[in-house]
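The values are calculated or read from the model by the stated rules, or taken from the named source; none is laboratory data. A quick note: this is a predicted structure, and the numbers were derived from the prediction, not measured. Virtual Cβ from ideal backbone geometry, glycine too; neighbours counted across all protein chains shown.
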Amino acid sequence: MTTQHVRVTVNGQPREADVEPRLLLAHLLRDAFGLTGTHVGCDTSHCGACTVIFDGRSAKSCTVLAVQANGAEVTTIEGLEQGGKLHPLQQAFWDQHGLQCGFCTPGMIMESTWLLGQNPDPTEAEIREGISGNLCRCTGYVNIVKAVQQAAAELRAAGAGTAEQASVAAGGR
């Protein structure tokens, strides 16, 4: 099978790989780039465990071909921490016990990162709607919502009140 060369900026770093045209972005991130925080849970876009930020938008990486990412900027869960310090969402998930088995957590945090970039002060209903495309089979969502609320408050307090500032705070450089 023929391959295509792709260049992708992942977590602020240029990356390259030769890929089969049918390879999914999720597998490029995990298998070629070793970023295993992006989980593949269903391959049908129903669970959201593979959610990343793709050119500034939330995307389920199991629905994006790697060749479609050529020239794109992608942020994964690994790109959120900065200088050894957890992103406020990562810390809030820890503080609020917004995870149990942890399988959905990276995708849930990435979806929440995008949500807070769009709406820095969401209501509980807006958070629930915002994460509705991501499934968690363990927590019942109560603590996930609390975690997003905590992170939203911390990001606002830190002056990350605009979508652009929230994107930078989220590792979107």
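Below is a table of values for the structure above.
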| item | result |
| --- | --- |
| Pick from segment 16-39, criterion touching a helix residue (DSSP H, G or I) at 6+ places or on another chain (Cβ under 8 Å) and assigned to a strand (DSSP E or B), ranking: farthest from ALA66 (Cα to Cα) | ALA17 |
| Members of segment 36-67 that are of a type in the set (Ser, Thr, Tyr) and under 13 Å from the mean Cα position of the chain (by Cα) | THR36, THR38, THR51, SER58, SER61 |
| Filter result for the condition that a residue is farther than 16 Å from THR38 by Cα, outside the structural domain of GLN13 (by TED's automatic domain parsing) and either touching a residue at least 40 places away in the same chain (Cβ under 8 Å) or under 14 Å from the mean Cα position of the chain (by Cα) (or both), over ASN143, ASN119, ASN70, ASN134 | ASN143 |
| Which listed residue, of GLU129, GLU111, is in contact with a Ser or Thr (Cβ under 7 Å, 6 or more places away or on another chain) and of a type in the set (Asp, Glu) | GLU111 |
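Table: residues versus (1) within 20 Å of GLY41 (Cα to Cα); (2) modelled with pLDDT of 95 or more.
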site	(1), (2)
GLU78	yes, yes
GLY98	yes, no
MET110	yes, yes
ALA152	no, yes
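A quick yes/no check of all residues on (1) out of contact with any Lys or Arg (no Cβ under 9 Å at 6 or more places or on another chain); (2) buried (at least 22 other Cβ atoms within 10 Å of the Cβ); (3) within 29 Å of GLN150 (Cα to Cα):
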position	(1), (2), (3)
GLY37	no, no, yes
ASP55	yes, no, yes
GLY79	no, yes, yes
GLY84	yes, no, yes
HIS97	no, no, yes
